[in-house]
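The values are calculated or read from the model by the stated rules, or taken from the named source; none is laboratory data. Everything numeric in this text was worked out from a predicted model, so none of it was measured. No Cβ is skipped: glycine too gets one built from the backbone with ideal geometry, and neighbour counts run over all protein chains shown. We work out accessible area using only protein heavy atoms, side chains counted, and drop any ligands, DNA or RNA first. Shrake-Rupley method; radii C 1.70, N 1.55, O 1.52, S 1.80 Å.
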Amino acid sequence: MAQTTQRVQMTPLGYRQLVDELALLQKTGLPEAIDRVAKAREFGDLSENAEYHSAKEDLSALEGRIDELKDIISRVIVVDIKKTGEEEVGIGSTVSVEVNGKSHDFSIVGEWEADPAA
């Protein structure tokens with residue numbers, strides 16, 4: 001993964017969620033994945049051991065996610081929501097939009113917090 005120095009804007013909630021995910025992966029996920037690889041290694045010939053290869057792939061993906069989270073967290077700028085005014089929309093703002101008589105509320109977040117499907 002190519003790391004960049006581009007800053008990432010996030011709300012305080014989004015930042016806390018990333019930090020919590022990283023802590024959980026490091027404390028629970030990584031030891032479990034390493035243990036799974038070790039147990040799968042005991043099943044015999046590694047060249048034909050599907051469980052071992054699956055466990056190694058899962059461990060690699062987990063390590064990649066941990067590296068990604070560390071990189072993102074190192075570049076985060078937590079946006080001070082209190083600094084935006086009533087007439088200014090920015091990260092952390094909640095915007096109400098009326099379409100066809102129905103009101104919809106949207107929270108403005110940074111790119112790493114966005115969930116367009118939701």
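Observations on the model:
- Our summary gives the chain a relative contact order of 35 percent, counting only alpha carbon pairs under 8 angstrom and 6 or more residues apart.
- Listed residues G90, G29, G44, most fluctuating in the chain (Gaussian network, C-alpha, under 10 Å): G44
- Cα-based Lys pair tally, the chain, threshold under 26 Å, eight or more apart or on separate chains: 5
- Dipole orientation for the chain: of the candidates V95, M10, H53, M10 has the Cα lying most toward the positive pole (charges on Cβ; Lys, Arg +1; Asp, Glu -1).
- Heavy-atom accessible area per residue - the chain, 1.4 Å, Å²: 73
- For q = 0.09, 0.15, 0.22 Å⁻¹, Debye-computed log10 I/I(0) when each Cα of the chain counts as one equal scatterer: -0.42, -0.81, -1.18
- Accessible carbon and sulfur surface of the chain relative to its total accessible area, %, 1.4 Å: 51
- With contributions of -39500 (n - 2.57) from each DSSP H run of at least four residues, the per-residue ellipticity at 222 nm computed over the chain stands at -14500 deg cm²/dmol.
- Charges were assigned to the Cβ only: +1 to each Lys and Arg, -1 to each Asp and Glu. The resulting dipole of the chain about its Cα centre is roughly 320 debye.
- By DSSP, the beta bridges lying fully in the chain are antiparallel in about 65 percent of cases.
- Solvent accessible area, Å² - E88, 1.4 Å probe, full protein context: 110
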